[in-house]
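Contents: one structure, followed by commentary.
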Amino acid sequence: MPQSFIAEVVLTHPNAPLAPTLAAVPHPSITEESIRPATTADEPAVFYRVTDVEFDAFEAELDRDQTVAEWEQAMDFGDTRMYRVQLAPATIFVSPTLSELGIHVVSSENADRGWRFRLETGDRDHLGALWDYCRETDIQFELEVLRSSGEQPMDEQVGIKAALTDRQQQVARVATRMGYYEKGGASASDVAAELDIAPSTLSTHLRRINATVFDSLFAAESD
């Protein structure tokens, strides 16, 4: 059976789609349903399914959102609405880039810290290319899950662990034990409290852990 790789990542950027709206509206549930490709004159139009939100407040924020050129309500199911959003030219929209990199987007939904993507690819180098793209475009990259259909070589596992400092290993162990990397698990504030550090310090640790993991997995292959 051909090997495949599954990654779940959270990508965050101030100009990501709906980023200002996500920051202003508490705890919405938004999934990216489909994309209408850009024409020569327009940016892509994206259909979003929205629930668990006060819709008047959500729509008021869409009107102020600099990542949105225009929007319209496409469907109303009572507690769920579908919106067609025309993205503004300066919006950092990664879904088309993922396709260009040979990465299939299984799902995309908002997360507390940005957009959570569940990704699949048959070539680990494609994930390395995504990591490089995020660094080049100043997208904050947070790895939540990385697994493959085959066994990961033991020397590779040991090499990644050895690349982390003792403190980073402790932070990673606590975050994993508390379910931080799982949907519905502990929040960043919960993990920071358990470690007796500020949430901003935890965020710095997690970014460095992610950078180390991806450098260990992909840097040698991209040289």
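The values are calculated or read from the model by the stated rules, or taken from the named source; none is laboratory data. Just so you know, these numbers come straight off a predicted model, no measurement behind them. Because the Cβ atoms are built from the backbone with ideal geometry, glycine has one as well, and the counts that use them run over all protein chains shown.
Against the definition (outside the structural domain of Ala45 (by TED's automatic domain parsing) and out of contact with any Leu (no Cβ under 6 Å at 6 or more places or on another chain)), how does Asp76 come out, yes or no? Steps first, please.
On the way: outside the structural domain of Ala45 (by TED's automatic domain parsing): no; out of contact with any Leu (no Cβ under 6 Å at 6 or more places or on another chain): yes.
Criteria not met by Asp76.
Name the pairs whose Cβ atoms lie under 8 Å apart, with the first residue in the stretch 112-133 and in contact (Cβ under 8 Å) with a residue 40 or more places away in the chain, the second in a helix (DSSP H, G or I) and of a type in the set (Asp, Glu), and 6 or more positions between them or separate chains?
Qualifying pairs under 8 Å: Arg124/Glu221; Asp125/Glu221; Gly128/Glu221.
From (1) surrounded by 14 or more Cβ atoms within 10 Å (Cβ to Cβ); (2) on the phi > 0 side of the Ramachandran plot, pick out the condition that doesn't hold for Leu87.
(2)
How do the pairs read when you match residues in the stretch 69-88 that are touching a residue at least 60 places away in the same chain (Cβ under 8 Å) with residues anywhere that are of a type in the set (Ser, Thr, Tyr) and crowded, with 17+ Cβ neighbours inside 10 Å, using Cβ under 7 Å and keeping only pairs 6 or more apart or on different chains?
Val85/Tyr48; Leu87/Thr67
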